[in-house]
Amino acid sequence: MCTVVIDVAGPETARLLAVRDEDPQREWDALGEWWPDAYPGVSGIRDRRAGGAWLAVNPAERRLAVLLNRADVVDLAADVAVSRGSLALESVMGRSPAAPLPMHGFNLLEVRPEGARVLSWDGAELRETSLADGIHMIAHDDLDDLDTPRIAAWLPEFRALGATADSPDWSGAWTSLLASSARLDPEDDRAIIRDNRPHGYPTQSLLYCTASVTPEGVDVDYRALPSPGHWDH
């Protein structure tokens, strides 16, 4: 139940804030070049268990991808399901997924020189949603889905901050708003910094990244939360 907020400013520029929710017992590695042979030059946040990435960046190609889980509409047997961890890595190499996919549902945010988009797979259909200029938010359902409580609560707040291009410290402003959102109980459906255990999932918010993709290059800042599901800065 991860969350991403993104500001698109033309086909070659985007700035984003991404919050990762995962089981705290599932170990990960901070942003780094963990795949020098298979994905040379690519940096990402590595899942140690499956070896894939939640967020990946290819600076040379000015590509960034973030993986968010979403629900399936059909059952997929555990012995058939393939890990989704390769999706972000393949994406930043210019290889996007194509249906059918032996994977559980996902939203894959792709930021590329030709524009940003979300590829959504629910187990039956792969859909593409291009991102128009402006500020958007995505979680476990559709882009800017106001039926998702945290999007309904916080998308207007992020938009009220204005375009990131007009802010000399957009990442500071967005992080401050993220901190404000953390005044909510992490079990609240509106929370961005989350504890999803009461909702039947073992996941909690563990880290966040801010990133910019521009014609000049890609910049990513990684921050782990001091304790799962809580903002203790």
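Please determine whether any residue of the range 70-82 is in contact (Cβ under 8 Å) with a residue 24 or more places away in the chain and buried (at least 17 other Cβ atoms within 10 Å of the Cβ).
The answer is yes, given that some residue of the range 70-82 is in contact (Cβ under 8 Å) with a residue 24 or more places away in the chain and buried (at least 17 other Cβ atoms within 10 Å of the Cβ).
Scan the range 1-42 for residues that are among the small types (Gly, Ala, Ser) and either touching a Phe, Trp or Tyr at 6+ places or on another chain (Cβ under 8 Å) or surrounded by fewer than 23 Cβ atoms within 10 Å (Cβ to Cβ) (or both) and jot them down.
Step one: list which residues in the range 1-42 are among the small types (Gly, Ala, Ser), which gives 9-10, 14, 18, 30, 32, 38, 41.
9, 10, 18, 30, 32, 38, 41 - these are the residues of the range 1-42 that are among the small types (Gly, Ala, Ser) and either touching a Phe, Trp or Tyr at 6+ places or on another chain (Cβ under 8 Å) or surrounded by fewer than 23 Cβ atoms within 10 Å (Cβ to Cβ) (or both).
Among the residues of the range 167-181, what is the count of those that are in contact with a Ser or Thr (Cβ under 9 Å, 6 or more places away or on another chain), in contact (Cβ under 8 Å) with a residue 40 or more places away in the chain and either farther than 21 Å from residue 55 by Cα or polar (S, T, N, Q) (or both)?
Of the residues in the range 167-181, 2 are in contact with a Ser or Thr (Cβ under 9 Å, 6 or more places away or on another chain), in contact (Cβ under 8 Å) with a residue 40 or more places away in the chain and either farther than 21 Å from residue 55 by Cα or polar (S, T, N, Q) (or both).
So how many residues does the range 1-19 have that are within 15 Å of residue 171 (Cα to Cα), part of a strand (DSSP E or B) and among the hydroxyl-bearing types (Ser, Thr, Tyr)?
Qualifying residue count, the range 1-19: 0.
Among (1) out of contact with any strand residue (DSSP E or B) (no Cβ under 6 Å at 6 or more places or on another chain); (2) touching a residue at least 24 places away in the same chain (Cβ under 8 Å); (3) within 17 Å of residue 111 (Cβ to Cβ), which single condition is residue 213 missing?
(1)
Tell me the strands (runs of 3 or more DSSP E) entirely within the range 36-75 that contain at least 3 residues that are farther than 21 Å from residue 126 by Cβ.
43-47
For (1) acidic (Asp, Glu); (2) at pLDDT 95 or above; (3) in contact with a Leu (Cβ under 8 Å, 6 or more places away or on another chain), each residue gets a yes or a no:
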position: 127; (1), (2), (3): no, yes, yes
position: 179; (1), (2), (3): no, yes, no
position: 192; (1), (2), (3): no, yes, yes
position: 210; (1), (2), (3): no, yes, yes
position: 232; (1), (2), (3): yes, no, yes
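Considering only residues that are more than 19 Å from residue 231 (Cβ to Cβ), part of a helix (DSSP H, G or I) and among the hydroxyl-bearing types (Ser, Thr, Tyr), which ones fall in the range 158-180?
Within the range 158-180, 164 is the sole residue that qualifies.
Conditions tested, residue by residue: (1) charged (D, E, K, R); (2) within 25 Å of residue 216 (Cβ to Cβ); (3) surrounded by 18 or more Cβ atoms within 10 Å (Cβ to Cβ).
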position: 59; (1), (2), (3): no, yes, no
position: 68; (1), (2), (3): no, no, yes
position: 86; (1), (2), (3): no, no, yes
position: 124; (1), (2), (3): no, no, no
position: 128; (1), (2), (3): yes, no, no
position: 132; (1), (2), (3): no, yes, no
position: 135; (1), (2), (3): no, yes, yes
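Quick check on this structure: which one of 223, 190, 183, 117 is of a type outside the set (A, V, I, L, M, F, W, C), part of a strand (DSSP E or B) and over 21 Å from residue 62 (Cβ atoms)?
Values: 190 fails: part of a strand (DSSP E or B); 183 fails: part of a strand (DSSP E or B); 117 fails: over 21 Å from residue 62 (Cβ atoms).
Exactly one residue qualifies, and that residue is 223.
Tell me, which residue of the range 140-166 that is closer than 27 Å to residue 59 by Cβ and touching a residue at least 60 places away in the same chain (Cβ under 8 Å) is surrounded by the most Cβ atoms within 10 Å (Cβ to Cβ)?
Just the residues of the range 140-166 that are closer than 27 Å to residue 59 by Cβ, to begin with: 143, 158, 161, 163-166.
Next cut, touching a residue at least 60 places away in the same chain (Cβ under 8 Å) only: 158, 163-165.
Working: 158: 22, 163: 14, 164: 25, 165: 12.
Only one residue fits best here, namely 164.
Please determine whether any residue of the range 79-97 is more than 18 Å from residue 139 (Cβ to Cβ) and among the basic types (Lys, Arg).
Yes; the residues of the range 79-97 include at least one that is more than 18 Å from residue 139 (Cβ to Cβ) and among the basic types (Lys, Arg).
The values are calculated or read from the model by the stated rules, or taken from the named source; none is laboratory data. Nothing here was measured: the structure is a model prediction, and the numbers come from that model. For neighbour counting, all protein chains shown are included, and Cβ atoms are generated from backbone atoms with ideal geometry for every residue, glycine included.
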